[in-house]
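> The following block contains the structure, expressed as C-alpha cells.
The values are calculated or read from the model by the stated rules, or taken from the named source; none is laboratory data. These figures come from a predicted structure and were not determined experimentally. Here the Cβ positions follow ideal geometry from the backbone for every residue, glycine too, while neighbour counts run over all protein chains shown. Side chains are part of the model used for accessible areas, which takes the heavy atoms of the whole protein and leaves out ligands, DNA and RNA. Shrake-Rupley method; radii C 1.70, N 1.55, O 1.52, S 1.80 Å.
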Amino acid sequence: MKIFALILLLLGASSAFAQDEASRGETLYLPVYSKIWHGDLIQDNKYPQDSLLSALISIRNTSLKTSIRVISARYYSTDGKLLKEYIATPKLINPMGTLELFVERRETAGGSGANLIIQWDAATATNAPIVQAVHADIRG
C-alpha cells in the first residue's frame with residue numbers, strides 16, 4: 001500500500017502588480033514553514049502532532065526590461081536565530097526570470113515560525129519581485 005501526502009501552502013512577500021511606484025530595491029520578509037502543527041492537542045494540552053515540510057522559494061523578476069540583483073537571502077528560525085545565508089554572492093535575475101532557493105524537508109531547526117529576509121536592488125527603478133514559498137510533504 002502506498003501512502004501519498006501533499007501539503008501545499010503558498011505565501012507571498014510582495015506583489016509587484018499591486019504597487020504604485022517602482023523601486024530601486026528593498027528588504028522583504030517571507031514566512032517559511034519547516035514544520036506545521038496539525039490535529040488535536042495531545043495530553044496535558046501540549047502541542048499537537050507536527051509534520052516536516054520542504055519549501056521551494058521563488059524570487060520572480062516581474063519586469064519586462066530591467067534585471068534585478070538579489071543581495072542576500074537570510075534564513076532565520078522560529079526564535080530568530082540566523083541559520084543560513086542562501087546567497088553567498090549577489091545573484092542577477094534577468095527580466096521575467098526566477099531565482100529558486102530550496103529548504104530541505106530534513107531541515108528541522110527552522111520550525112513553524114521560520115522566515116527568509118530577502119534583500120534586492122536594481123540599477124534603475126523597476127517593479128518589485130514577487131517572492132513566494134511553496135511548502136510540500138510528498139512521500140510515496
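> Leaving out ligands, DNA and RNA but keeping every protein chain, what accessible area does Trp37 have, in Å² rounded to the nearest 10, with a 1.4 Å probe?
Only protein atoms counted, so the area is about 90 Å².
> A further question on this structure: Could you give the accessible area per residue of region 22-116, probe 1.4 Å, as a whole number in Å²?
59
> Consider a paramagnetic label point 7 Å from the Cα of Thr27 along Cα→Cβ; state which residues of region 101-134 have an amide N under 12 Å from it.
The answer is 117-120, whose backbone nitrogens lie closer than 12 Å to the label point.
> Lysine pairs in region 35-140 with alpha-carbon atoms under 30 Å apart, 8 or more places apart or on different chains: how many are there?
Going through region 35-140 pair by pair, I get 8.
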